[in-house]
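Report on the following structure.
The values are calculated or read from the model by the stated rules, or taken from the named source; none is laboratory data. This one's a predicted model, so the numbers in the text were calculated from it and none came from an experiment. Ideal geometry is used to build each Cβ from the backbone, glycine not excepted, and the neighbour counts take in all protein chains shown.
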Amino acid sequence: MLAFTLRRAIQAIGVMLAVGIISFSMFRFAGDPVNQMVSIDTSYAERAAIRESLGLNDPIPVQFARYFVNAAQFKFGISYQFRQPVADLLKERMPATLELATCATILALVFGILMGVYSALRRDSVLAKMLQAVSLIGISLPTFLIGILLIYLFAVILNWLPSFGRGEVVKIGWWSTGLLTVSGLKALIMPSITLGLFQMTLIMRLVRAEMLEVLRTDYIRFARARGLTTRAIHFGHALRNTLVPVITVVGLQFGSVIAFAIITETVFQWPGMGLLFVQAVQNVDIPIMAAYLLMVSLIFVTINLVVDILYTVVDPRLRSTISRPA
Amino acid sequence: MLQPCNAKSGECLQMSVRHSLFAATMASIVALVVSPASGQTLRYANQGELKSLDPYTLKETTTIAHHAHIYEALVTRDKNLKMVPALAESWETPEPTRWRFHLRHGVKFHNGDPFTADDVLFSADRIRAKGSNFLSNVAADAKFVKVDDYTVDVVLPAPNPILMSQWDGWYIMDKKWCEENNSVAPTPASATTPSYASLHENGTGPFMIESHQPGVKTVFKVNPNWWGKPEHNLKEIVFTPIANDATRVAALLSGEVDVIEPVPIQDIQRVNASGVAKVMSGPELRTIFLGMDEVRNELLYSSVKGKNPFKDVRVREAFYKAIDIEAIKSRVMRGLSTPSALMIAPELYPLSKDFVRPKYDPDGAKKLLTEAGYPDGFELTMDCPNDRYVNDAAICQAVVGMLARIGVKINLLAQPKAQYFAKVLKPGGFQTSFFLLGWTPATMDSQNVLHDVMGCRDDEKDPTRGEANLGDYCNKDLDALTDKITFETDTAKRDQLIKQAYEIASKDYGYIPLHQQALAWGVSNKVKLTQRADNQVLLYWATKQE
């Protein structure tokens, strides 16, 4: 078990290293950061001085080594644009993204499961068919379009919800939360729906399919034969067995919810890490780009590692195959 | 409240107490309602962020405009861009090479420190220190000398008619405050410690920063101790960047913000039809133009080998005449552009009326190309930004279509500004054959255009000349005139010299000026605002009803 965890951890480090190399080589095509820091009439000498001070004139291997040594110590330097340490900027923006991602995931789970169960149990009802159709839209419409549609309906026409930002936030230590104020909660609604819609429809379809499968199995029939109530059969037996794959998917998807928050955050001007990253790309703010990419890959790698380990804990059959050398 | 009292009941006392209480309450309610001190909150959203509060680190219009609310310069520009006194009350030139500035008395920084000549000297050093991006704002060879606490002399090696032309962007900082907070020099981008001055401010301006979260939200509150007389009725300004065009417009239409900049061209009609907001538009100072590689012996990106077609003036003239500027105005810019015959905006040059664009003439253009030896045209790559100027890539597409009519086949390479500028500017080696660019002279003066954009590149003698002349259009006669213009202090004579220089460039077809793009600010009907052609959104001229 320990050997397995260790092996996985080493693989994870390999993945991080690969991401680092790929992102570093990408920065060379992102453009010249100096152009974004000065106006167009800035003299060449001035530009050259800035390039020099940023260390952009050093040989590429030197730049690469410096980048890695610093990244390994979680030192990402100073943002070209903000003149602030990147770690501070990310720390400041992280609560916004995590709150949004968590809300979106909870929303997706609750409604996804409810709708999935309903459309499995009442397969032929009109509502179930409508849900199926709507879920197709949720899966196929791009996020930014959904976001803009929501903004026009609920912010411009109905004037119910704010079109941008996080509302009032409350500071608890370094964590800023929008969950404790009315405006913060209102501001959370549309971005959460936008970000969670894809997951929601995914979960709904997954639950429906699994549920239909489970309902056909023998033990459900036995349960019926024993005279258990329909409610106990559906929710106590069928749903519980459906949830195992759902939880796996949700766990793995949480990483991509954080990563895909980029688009939602841009549409709603949500002051999270994704927005920071998008603006860093436009402005060739390499320190922010590097830190963000490494952080996202760290999140992915960690979630995968945890899921892998959990599998072996949950399912003893996997454990026996792992302990045997492959 | 002296009323005759009925001593027996003691009623009068009670009455008078109650009465006076009531009166006091009424008075305070009335006071609350009419009190002018309350003021309005103005909410403003811009496409760009306020990245740093340090006024010397990022030279960009939006940032400079934000700083104008909290910091002040010796001089400032009024609503018509005319230079007017600010922290300097007056100035004179006792000798051509010595300027004397008399500073305003009784001005205090936001922390209470008095403003004196030491702060001017300190700021002059700081803006020219390593890490500053405003080096060109204050001439490097200008020596600042303190005469007394409220008088500063500037000593120059040679007369300089445009010494002050960029001083409106040179904000004065507090020497004591900078020294106490380890901010004597602007934070270089390579620093490893955060800069105090980029998160905090201490200016003399009409507003102070109440809270600042970089890239998220900034709250300005009014400075009650400001020396001037406010023209606004605001108590605070809440600034939020909203990068996404659709969201920004939605925020204006839903009434969540009062002012947005910019409004995308395609949304202007919708904003005007909304009934809650209007678009303020006017010509911007920036000139959009096309340029050609006129220096290489063979173009980098063309089907013509062994020679450079742009070295032939007939080809350049053909390109110029093939462009239907009115079509670009009506189709691409939806009427929001001012076609231009010059490389400078008419607001910045009084004699610009004397210049007219050559007529759109595709047949004549075709003939010129044939004469030049290209009866079947040729192939060419055009470089174009797609996120820098209003509808930049669309303009380039229109140009591609128009040149196709005279047989020139263009491959359009439209890229985000980050990649575009890295390729075409000097650090990228001017790698372009045909390009679109925009230019606003930072000095608000023709000399800047003639020197930086139209001057011959000359790395040996004067490396700054022609630095933005991406295609190296070069005419020594024009350069000679520019040299005279640089030192000529007689305005009328100077304007005539500038005219001669522009005439040379027009005859050479050195560049193809297109237009001045329009500014588009979205403003709520409750707000009155002054729009200045340099696109600085200055809310200290804003009033808001309600």
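With respect to being within 14 Å of chain B (Cβ to nearest Cβ) and under 30 Å from B:Val249 (Cα atoms), A:Ala259 falls outside the description.
There is no residue in the range B:258-270 that is more than 11 Å from chain A (Cβ to nearest Cβ), of a type in the set (Asp, Glu) and more than 24 Å from the chain's Cα centre (by Cα).
Taken together, the residues in the range B:387-407 that are of a type in the set (D, E, K, R) and closer than 17 Å to B:Glu326 by Cβ amount to 1. Scanning the range B:306-332 for residues that are of a type outside the set (Gly, Ala, Ser) and without any contact (Cβ under 8 Å) to a residue 60 or more places away in the chain, we see that the one that is farthest from B:Pro375 (Cα to Cα) is B:Glu326.
Selection of strands (runs of 3 or more DSSP E) fully inside the range B:82-194 by the criterion of at least 3 residues being away from chain A (no Cβ under 14 Å) and among the β-branched types (Val, Ile, Thr) returns B:151-155.
All told, B:Asn133 meets the bar of being under 30 Å from A:Phe82 (Cβ atoms), modelled with pLDDT under 95 and surrounded by 15 or more Cβ atoms within 10 Å (Cβ to Cβ).
Scanning the range B:197-218 for residues that are closer than 30 Å to A:Ile157 by Cα, part of a strand (DSSP E or B) and among the aromatic types (Phe, Trp, Tyr) turns up nothing.
Screening B:Phe310 on (1) part of a helix (DSSP H, G or I); (2) within 14 Å of chain A (Cβ to nearest Cβ); (3) more than 30 Å from B:Ser524 (Cα to Cα) shows it passes everything except condition (2).
Tell me the residue from A:Val134, A:Val117, A:Val110 that is more than 19 Å from A:Thr266 (Cβ to Cβ) and at pLDDT 90 or above, please. That would be A:Val110, the only listed residue that is more than 19 Å from A:Thr266 (Cβ to Cβ) and at pLDDT 90 or above. Screening A:Pro95 with (1) more than 12 Å from every other protein chain (Cβ to nearest Cβ); (2) touching a strand residue (DSSP E or B) at 6+ places or on another chain (Cβ under 6 Å) gives one miss only, at (1). Scanning the range A:260-274 for residues that are in a helix (DSSP H, G or I) and at pLDDT 80 or above turns up A:Ala261, A:Ile262, A:Ile263, A:Thr264, A:Glu265, A:Thr266, A:Val267, A:Phe268, A:Met273, A:Gly274. Among the residues of the range A:27-56, those identified as in contact with an Asp or Glu (Cβ under 8 Å, 6 or more places away or on another chain), at the interface with another protein chain (Cβ under 7 Å from one of its Cβ atoms) and of a type outside the set (Asp, Glu) are A:Gln36, A:Val38, A:Ser39, A:Ser43, A:Tyr44.
Residue by residue, here is whether (1) among the hydroxyl-bearing types (Ser, Thr, Tyr); (2) crowded, with 18+ Cβ neighbours inside 10 Å; (3) modelled with pLDDT of 95 or more holds:
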site: B:Gly228; (1), (2), (3): no, no, no
site: B:Pro241; (1), (2), (3): no, yes, no
site: B:Asp245; (1), (2), (3): no, no, no
site: B:Pro262; (1), (2), (3): no, yes, no
site: B:Asp267; (1), (2), (3): no, yes, no
site: B:Leu285; (1), (2), (3): no, yes, no
site: B:Leu290; (1), (2), (3): no, yes, yes
site: B:Ser303; (1), (2), (3): yes, no, no
site: B:Phe310; (1), (2), (3): no, yes, yes
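Condition check for A:Phe24 on (1) assigned to a helix (DSSP H, G or I); (2) within 7 Å of another protein chain (Cβ to nearest Cβ); (3) out of contact with any Pro (no Cβ under 8 Å at 6 or more places or on another chain): one failure, at (2). Residues that are more than 9 Å from every other protein chain (Cβ to nearest Cβ), in contact with a Phe, Trp or Tyr (Cβ under 8 Å, 6 or more places away or on another chain) and among the polar types (S, T, N, Q) within the range B:404-431 comprise just one, B:Asn411. Just the residues that are surrounded by fewer than 18 Cβ atoms within 10 Å (Cβ to Cβ) and either at pLDDT 80 or above or in a helix (DSSP H, G or I) (or both), please, taken from the range A:71-97. Listed by number, the residues that qualify are A:Ala72, A:Ala87, A:Asp88, A:Lys91. Any chance you could count how many residues in the range A:171-189 are in contact (Cβ under 8 Å) with a residue 24 or more places away in the chain and away from every other protein chain (no Cβ under 11 Å)? Looking only at that region, the number is 8.
Within the range A:150-170, the residues that satisfy the criterion of being under 24 Å from the mean Cα position of the chain (by Cα) and within 11 Å of chain B (Cβ to nearest Cβ) are A:Leu150, A:Ile151, A:Leu161, A:Pro162, A:Ser163, A:Phe164, A:Gly165, A:Arg166, A:Gly167, A:Glu168, A:Val169.
Restricting B:Asn411, B:Asn391 to residues that are in contact with a strand residue (DSSP E or B) (Cβ under 9 Å, 6 or more places away or on another chain) and surrounded by fewer than 18 Cβ atoms within 10 Å (Cβ to Cβ) narrows the list to B:Asn411.
Please state which one of B:Tyr44, B:Tyr71 is within 14 Å of another protein chain (Cβ to nearest Cβ) and at pLDDT 95 or above. Criteria check complete, one pass: B:Tyr44. Counting just the residues of the range B:518-546 that are among the small types (Gly, Ala, Ser) and more than 17 Å from the chain's Cα centre (by Cα), which one comes out farthest from B:Lys229 (Cα to Cα)? Among those residues, the one meeting the criterion is B:Gly522.
Screening B:Leu412, B:Leu425, B:Leu436 for residues that are at pLDDT 95 or above and closer than 24 Å to A:Glu46 by Cα leaves exactly one candidate, B:Leu436.
Quick check on A:Val284: is it touching a Pro at 6+ places or on another chain (Cβ under 6 Å) and either touching a residue at least 24 places away in the same chain (Cβ under 8 Å) or not in a helix (DSSP H, G or I) (or both)? Spelling it out, A:Val284 is indeed touching a Pro at 6+ places or on another chain (Cβ under 6 Å) and either touching a residue at least 24 places away in the same chain (Cβ under 8 Å) or not in a helix (DSSP H, G or I) (or both). All of B:Tyr509, B:Tyr540, B:Tyr473, B:Tyr502 fail the test of being of a type outside the set (Val, Ile, Thr), over 24 Å from B:Glu284 (Cβ atoms) and buried (at least 19 other Cβ atoms within 10 Å of the Cβ), apart from B:Tyr509. The set of residues in the range A:42-61 being surrounded by 20 or more Cβ atoms within 10 Å (Cβ to Cβ) and either modelled with pLDDT of 80 or more or outside any helix (DSSP H, G or I) (or both) consists of A:Thr42, A:Arg47.
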